[in-house]
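What follows is calculated from the coordinates using simple rules that are stated; it is not laboratory data. Not measured: the values here are computed from a predicted model. With ideal geometry, Cβ positions are generated from the backbone for all residues, glycine too; neighbour counts draw on all protein chains shown.
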């Protein structure tokens, strides 16, 4: 195995732990709601609370990643959110639950901006979609693992001890990260041949500027139609992701009458399916594109197709069989996971300089979570007012269809000026 693939493993495990910690609340929602007397609407706010500061911190964290580097910022992030996860298990009321989830969101806001910089520092262009598919696959493997394992733990040892175990796992990852992760120029465990390959191939050649190229800043990024289109598309995908991440266990428990253990086990199936599908689509994307096509948003075609796959959840209100519902949810999650991964890869493809990769990825994830922060709340109101989840599925499916059109039409031009345009701007300034 090529040694750079250990970076794939590191980042996959980071995303997995990130989402295990997020889904722990969803899996535990029924006993927590019973213990503290929490209504459906209050539960919706609790589910979304970790996003409140998460979305605020994404772009600043991206700028900090660009300044301080991936190793330091990622370490601080997982340390903070693991502490917050442990404190969730010690919560004494609804207010403390909200507070710990808000702090957890601050810690988790480092993960995706840091991954964006890892892509430009470590990953050759022809491996980017595979890397982002594997990395983002952790966002779906985490809930799958949570559904299988955390549901059993909650039933066996209670929700409080389950949160403490989740926190401990984060600290184990942190220790390994601090021991082994550096830039490819600095690590001792790469061969000279592989190090030279990474440094040669990570920026490509067609229209790429050097790794230390001039930053175009937030204004330059936000003036790009491609950047704006990717942000909107990411939002449409992440809305559905968080709808399932936060409400799927409760949907299976309350509307389908399942126990915590059974709902947790069945919840894991769509997320496992999503991991498999996103890796397959990522590999397919890399194999279909040459460098020139990637630089002009060639991945957007497959991304739009994945979003359309996801919109099959529009059929969910018409289906009574719970196992057929799970098939539809699996297809939807697979499409969403693949689209999210391809969007992250497209940011790396379209950026002309790596000086902005942290903040650009932060903007992308911000776009996603502006929509995502609303999913748990909107769903809570919809379910409480209509008495069912049917309209919630319709909203999510319609957004996915809109996102497919957005990415196809807008994500087609490089982000930032070319070298000649940048030089001219400097001479005329």
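Below is a table of values for the structure above.
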{"read-out": "Calculated P(r) of region 85-142 - Cα pairs past 13 Å, %", "value": "68"}
{"read-out": "Rg/Rg_ref, region 226-275, where Rg_ref = 2.2 N^0.38 Å and atoms are Cα", "value": "1.45"}
{"read-out": "Cut-off 15 Å (backbone N to label point 7 Å along Cα→Cβ of residue 390), residues of region 299-334", "value": "314-321"}
{"read-out": "Among 156, 392, 405, residue whose mean-square fluctuation peaks in a GNM of the chain (springs only between Cα atoms under 10 Å)", "value": "156"}
{"read-out": "Degrees between helix 40-68 axis and first principal axis of the chain (Cα, 0 to 90, nearest 10)", "value": "20"}
{"read-out": "On Cα atoms only, tilt of 192-201 relative to the major axis of the chain in degrees", "value": "90"}
{"read-out": "Simple spin-label estimate for residue 72 and residue 292 in nanometres, 7 Å along Cα-Cβ", "value": "4.2"}
{"read-out": "Footprinting exposure proxy for 365, 344 (fewest neighbouring C-beta atoms within 10 Å first)", "value": "344, 365"}
{"read-out": "For the chain: relative contact order, % (alpha-carbon pairs under 8 angstrom, 6 or more apart)", "value": "27"}
{"read-out": "Region 287-344 and region 111-176: distance between their alpha carbon centers, rounded to Å", "value": "21"}
{"read-out": "D_trans [Stokes-Einstein, Kirkwood Rh over alpha-carbon pairs] for region 305-418, 20 °C, 1.002 mPa s, µm² s⁻¹", "value": "137"}
{"read-out": "0 to 90° range, to nearest 10: angle between helix 94-108 axis and the chain longest Cα axis", "value": "20"}
{"read-out": "Gyration tensor (alpha-carbon) shape descriptor, region 125-188, a/c threshold 1.5", "value": "oblate"}
{"read-out": "Which of 276, 17 has the fewest Cβ neighbours within 10 Å, and the rest in rising order", "value": "276, 17"}
{"read-out": "For a label point 7 Å along the Cα-to-beta-carbon line of residue 39, residues of region 339-381 with backbone N under 16 Å", "value": "377-381"}
{"read-out": "Estimated distance in nm for a label pair at residue 256 and residue 199, the labels positioned 7 Å out from Cα along Cα-to-Cβ", "value": "5.3"}
{"read-out": "Most mobile of 331, 373, 216 in a GNM of the chain (Cα contacts under 10 Å)", "value": "216"}
{"read-out": "Structure-based [θ]222 nm, the chain - -39500 (n - 2.57) summed over DSSP H runs of at least 4, per residue, nearest 500", "value": "-25500 deg cm²/dmol"}
{"read-out": "Compactness of the chain - radius of gyration and Dmax, Cα, Å", "value": "20.8, 69"}
{"read-out": "Among 311, 215, 26, residue whose mean-square fluctuation peaks in a GNM of the chain (springs only between Cα atoms under 10 Å)", "value": "215"}
